[in-house]
Structure formats: structure tokens, C-alpha cells
2 protein chains.
Amino acid sequence: MLCIDRYKMRGMTSTTTRGRPRGFDRDAALDQAIRLFWRKGYEATSVRDLSEELSLRQPSLYNAFGGKHALFEEAVGVYDRRYGGFIDAALDEEPTAPQAIRRILAEAPARYTREGLPRGCLVAAGDQGTDDERIRTTLSRLREQKTDDIRRKIETDMTAGRLAGSIDAAGQAGYVMAVLSGLVQRARDGAPRRELEQIAGVASVVLP
Amino acid sequence: MLCIDRYKMRGMTSTTTRGRPRGFDRDAALDQAIRLFWRKGYEATSVRDLSEELSLRQPSLYNAFGGKHALFEEAVGVYDRRYGGFIDAALDEEPTAPQAIRRILAEAPARYTREGLPRGCLVAAGDQGTDDERIRTTLSRLREQKTDDIRRKIETDMTAGRLAGSIDAAGQAGYVMAVLSGLVQRARDGAPRRELEQIAGVASVVLP
DNA sequence: TCCTTTTTGTATCGATCGCTATTTAATAGG
DNA sequence: CCTATTAAATAGCGATCGATACAAAAAGGA
């Protein structure tokens, strides 16, 4: 089989790579790795699990992705853009912070219980049960970024006079992220979507 | 050293056990095991970690506790009574559900960031990152029990007329547990107690 | 056609996992 | 004393962990 990224641009001319062509679709394999890490977490996913799920021998996996840790980092990056973007979308598209947060809480239950995809969120739960400090830091930073995004959205409304200046923007943002984290936990516990929707409904009552 | 539980009651007469006496304090060792499981979770805690932390050789550990799984189950049971009882206490001691829930949310930030103890909650996070279905089920059931306790407290208020009959008791209870779960996650991420208090403060606004 | 380069499949590596067989030490009952 | 019983200490079990050495296979460039 022909590899997709076999033809690369170097400078202004396209060149072909030498050597035996890759026998599998790297992007498709990465997507399967994303789902496995998403479902089981970093620590509970073994290289042999990945090798079996992606139908790759271990040397091919290491040759294509570098190793378990490098594969996870790459998987998280693609996940965030491909599957985890509903928070960014809400913050970008909704005109006010309350509307954006309401939309986030309204969409989260469905997002965390999608048919044919693992439950919960790789960024929120992928580092559970691991001692690896690099993994924890990577995901912790991503979560912190989302929290900051929400806080800034609230602060924008406050400076524009749409929200009272007395509001605790950081507290509100942390609250939203904590509720999402709780929803992820419940989803991974096997709670039905209906229950997540009830919880999100109650959580939305707080909002200004 | 002399073992504490070496003298057992059999029928109405006290008897002594034969054989070499145990050379360590079983209860103290169990408490150290609780703290290690609490800090690292079931999967990330190896039997060698336990052996080192409790200053026991592995055969002594297996002889006294049966194995990693049995030790964890026993640790969870003691943890729930020794460290995790603030939810039950609030539900028992406060006269109404809103008061109990407010107290739970008010106490949780300190509970999850106690000096000299691991962050978070063993019951809420101890099964993170494990495939072992027995472990997941044990902790999942405990969490479900707490949720039911809160729900019943709310329903008691409703039937007594202290709360409106239109309230979604299960949703409210699930909401409280989801917020606690989120607080645990933040605590284990290293968030300062002040941040947890802000989040809990926002979360309390929902309550009737 | 050769040579170089890259991927593939086989067959491991050393480390660590949970666990235990075996022997020695320490107590009580007789 | 001797025997029975229990615990401690040494050493190692088979399985799995992440990662690789090595050689055969498949492509392009000369």
C-alpha cells in the first residue's frame, strides 16, 4: 500500500522518499491510538494493546511514532482538534460568556457519551492512574488553558459592562471545569446520558 | 514486638494464639497502605511500593492481608470510616438537605487538601487508571451509595414539605457528587485550597 | 544491475509486575 | 524437652511491561 505522506514538499519542489513504502495509513492508525488512549487512559494502555488495535507490529509502531509517550503526545494534540473542540467553539461563536458556558454545559452530556466513541474526555481523564510526570503536565496544562479561556471570556463581558464587576471570573471558570470533570467521571462510570443532562441542568442554574 | 490483636475472644473465654507472634502493628501498616493507595491509586501502587512503605517483606504482607486486591478492599473499608465520613456526618447531623449539602460543599475543599494526608479522596479517585473490574465496581458502588444518601435526604425534605415537590432530587444529588468529583480532580492536580473554596462557593449558589 | 534507504517480521532484551515455595525463627501446648 | 503452629527472610516463579537488534523485503537513484 502507498503511504499518504510519502510525498513531501522540500523547498519549492515536491520530492519522493526512498526506501520501502509504509504499509499502513499513519493517520488512521493514529486515530485508533487516540480512541484506545481515550478509552483506557495512558497507563492502562500497553504497547501490545496498541500494536493489536492498530494491526501493527511493535517495530512498525516505534518506527512510525517513536514510542508510547511520543504517540500519546501526538494523539492528544490531534484529539484536542478533532474531538475536543466543543469548548473552544462555544467560546468563539457565542457572543457572551453566559451563553457560551450554557452551551458548553448543554453540549457536554452528549459529547461525553457519543455513540461509537469512548466515554468522557481524553484531556480530562487520560492521565488518571499514571505516575509519569510528563503525561500529567501535558494534560494539566491543556486543562489550565481551557480554564483560562473561559475566565477571559467572562472578564471580557465584565469590562464591557455586560456582567457585574463583582463576579469571581476565576471561580466561575474553575467551577465550569470542575463540573465538566465531574461529568466525565460519571460518564466513565457508565452513567446514562440522561443523568449527565440532569446534572448539567442543575449546574447551569448558577450562571448569571 | 507483640501483636495487638494476638489475643482473641473465642466464645466466652479469652485465648492466646500459638506460633510466632507478628512483628509489626497490623493496624498501623494498614493505615500506611490506605495513604499510599489514596495518594497513587490502586493501579499505580505496586506490591513492592507497599512492601517498602510499610517496611514489610512481601511474604509478610501477603500473610497479613492476603494480596494487593484484598488489602485494597480492606483499606477502602477503613478509609471510608476513618477519613471519608464527612458526607455521612453532614447528612446525619444537619436537619435539612440544603444545610447538609452546603456543609458538604463547604468542608470538601479542606477535606481534600489536608496537611499530612494525600489530596483528594480514595473512593472518588482510587480506581482511576485500572482495568480491574472488581476495583471499579467496589468504588463505583460506594459512590452510588453516597449519591443515594444525598438523594434520600432531599426527598425527606420534599415529603415533609420543606422543599418544593418539583425539585429533581436525583439530579441535585448527582450534581453534588459531580462537583465533589471535580474538586477531587482539581485537588489532585495540585490546585490550592483557596481555588477549591472558590469553586465550592460558586457551586453552592445553585442550592435551594 | 547494484547500492542506499526505509519498512517489515521475528525474536527477543532487561526491568518490573503480582505472587509464592521454601527454609529458618519464635512462640504455645504437651 | 518435643511437637505444632505461625511469622519472617531469602529467593525466585511465570507473566507482562516498554523498547530493540537483526535480517529480509521493497522501493528509488545511480
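General observations
- Candidate set: the stretch A:28-57, residues that are in contact with a helix residue (DSSP H, G or I) (Cβ under 7 Å, 6 or more places away or on another chain) and open to solvent by 60 Å² or more (accessible area, probe 1.4 Å); chosen: the one nearest to the other protein chains (Cβ to nearest Cβ): A:43
- Of the residues B:201, B:174, the single one that is open to solvent by 30 Å² or more (accessible area, probe 1.4 Å), at the interface with another protein chain (Cβ under 7 Å from one of its Cβ atoms) and part of a helix (DSSP H, G or I) is B:201.
- Matching residues, the stretch B:58-107, being open to solvent by 20 Å² or more (accessible area, probe 1.4 Å), within 28 Å of residue B:155 (Cβ to Cβ), outside any loop (DSSP other than H, G, I, E, B) and small (Gly, Ala, Ser): B:77, B:89, B:106
Here's the yes/no breakdown for (1) within 11 Å of DNA strand D (Cβ to nearest atom); (2) under 28 Å from residue A:111 (Cβ atoms):
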residue	(1), (2)
A:22	yes, no
A:25	no, yes
A:28	no, yes
A:55	no, no
A:59	yes, no
A:65	yes, yes
A:74	no, yes
A:77	no, yes
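- Pairs with Cβ under 6 Å, 6+ apart, first in the stretch B:131-158 and within 11 Å of chain A (Cβ to nearest Cβ), second hydroxyl-bearing (Ser, Thr, Tyr) and open to solvent by less than 80 Å² (accessible area, probe 1.4 Å): B:135/B:42
- Of all residues in the stretch A:115-130 being under 15 Å from the mean Cα position of the chain (by Cα) and more than 16 Å from residue B:190 (Cα to Cα), the one that is nearest to the other protein chains (Cβ to nearest Cβ): A:126
- Scanning the stretch A:120-151 for residues that are closer than 19 Å to residue A:78 by Cβ and part of a loop (DSSP other than H, G, I, E, B) returns A:120, A:121, A:126, A:127.
The values are calculated or read from the model by the stated rules, or taken from the named source; none is laboratory data. This is a predicted model, so every value here is computed, not measured. Methodologically, a virtual Cβ is constructed for each residue, glycine included, from the backbone with ideal geometry; neighbour enumeration extends over all protein chains shown. The protein model used for the area step is the full one, side chains on, heavy atoms only, and it has no ligands, DNA or RNA in it. Shrake-Rupley method; radii C 1.70, N 1.55, O 1.52, S 1.80 Å.
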